[in-house]
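Taking it in order: structure first as structure tokens, then the write-up.
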Amino acid sequence: MTVTVRVPAKVNAQLAVGPARPDGFHDLANVFLAVGLYDEITVEPAAELRITCSGPGADQVPLDRSNLAARAAIALAEWTGRSPDVHIHIAKDIPVAGGMAGGSADGAGALLACDTLWGTGAGRAELLELAAGLGSDVPFSLVGGAALGTGRGERLRELPVGGIFHWVFALAEGGLSTPAVYREFDRLAAERGAPVPAPVASEVLLDALRDGDAVALGAALGNDLQPAALSLYPSLAEVLAVGTKAGALAALVSGSGPTTAFLASDAAVARTVSDALRESGTCRTTRVTEAPARGATVLP
Ligand code: C5P
């Protein structure tokens, strides 16, 4: 028997970052939006835990127990009192180390796939708790849609979304390390000298999501990690400029980057923005997609 789960990538419509906490994490007001780029996680019984990976960037994905999918299988196996004897295959389409929660998607996918394979009887609350133990973004990968994440991003409130939003993503050469981007955020904050305010979700942005209003959403998008990502990867500024000039409502770095995200008013504008980005040679490739997307889903 095999089980395959499809899990979406995310973009942060708002990523408000507070000061570093004593545990090294940052309190967030994190408005997650799941977008239609997916990894597929397939699990089947095996003699021992084994991971394989295919797709773009697969050679950069660790195949040992540091992989979030492996950690998910181990955590769920421990919870149920069994051994994690599965072969996990990750078919990647979400950019690796791209700021779109690809690793978190694989963790969430493995959790749901193993839960289904083993028939553990873990409920949604248990799976969400195990997910939060794996990483700050993993619970959202399970839930999908749109949600406000507080704490380090793992405490979720699902958000209503009143329409379809059209996005273009420009994929960059190479990746950025999320901890390194947060460290750069701290360094830039120390350089400024002013205290970092507590993160607050934008009511205007939540209203725009609820109303399906792309123009209002575009005006409200914001990512506090963007200056840090640009500082570590300065050429992203050119990518943002190309997409803006081509007609995007708004352009921003996706999460910790280096993927950049462009909100378009409709599907035709999204294609125009995508074409301009590709022709500019400022990015590796582009993807056009819609949001919100469903969270982790077992495929028939
Ligand atoms: O939770 P996760 O393992 O995905 O976080 C990866 C890294 O990102 C953390 O080790 C930390 O450096 C940084 N991080 C943070 N504050 C958050 C989430 C992540 O500083 N709220």
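The values are calculated or read from the model by the stated rules, or taken from the named source; none is laboratory data. On a predicted model such as this, the values are computed, not experimentally measured, just so you know. When we count neighbours, we look across all protein chains shown, and the Cβ atoms used for this are built from the backbone with ideal geometry, even at glycine. Calculation scope for accessible area: heavy atoms of the full protein, side chains included, ligands and nucleic acids excluded. Shrake-Rupley method; radii C 1.70, N 1.55, O 1.52, S 1.80 Å.
Structure data summary
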item: Region 175-300: Cα Rg divided by the 2.2 N^0.38 Å rule of thumb; result: 1.16
item: Top positive-direction residue, dipole computed over the chain with Cβ charges, set Val288, Leu127, Leu277; result: Leu277
item: Dipole of the chain, positive end: most advanced residue of Ile74, Phe25, Ala246 [Cβ charges, Cα centre]; result: Ala246
item: Along each principal axis, Cα extent of region 25-120, largest first, Å; result: 37, 30, 24
item: Accessible carbon and sulfur surface of region 3-159 relative to its total accessible area, %, 1.4 Å; result: 49 percent
item: Gain upon complete extension [Asp64, Thr116; 0.36 nm per residue less C-alpha separation]; result: 16.5 nm
item: Whole-number accessible area per residue in Å² for region 165-291, which is evaluated in the context of all protein chains at 1.4 Å; result: 45 Å²
item: Dipole moment magnitude, nearest 20 debye, the chain about Cα centre, only Lys, Arg, Asp, Glu C-beta charged; result: 120 debye
item: Charge dipole (the chain, unit charges on Cβ, about Cα centre) - positive-most of Leu148, Ile94, Gln14; result: Gln14
item: Surface per residue (accessible, 1.4 Å probe) for region 58-129, Å²; result: 39 Å²
item: Relative counts (whole %) of C-alpha pair distances in the chain, using bins that are 20 Å wide; result: 36, 57, 7
item: Relative contact order computed over the chain (Cα-Cα under 8 Å; 6+ residues apart), in percent; result: 26 percent
item: If the convex hull is drawn through the Cα atoms of region 142-204, its volume per residue in Å³; result: 174 Å³
item: Within the accessible area of region 165-291 (1.4 Å probe), percent carbon and sulfur; result: 54 percent
item: Exposure rule at most 13 other beta-carbon atoms within 10 Å, DSSP loop trypsin sites (Lys or Arg not before Pro): the chain longest free segment; result: 83-300
item: Point-to-point label distance, Asp23-Asp211, nm (Cα→Cβ direction, 7 Å offset); result: 3.7 nm
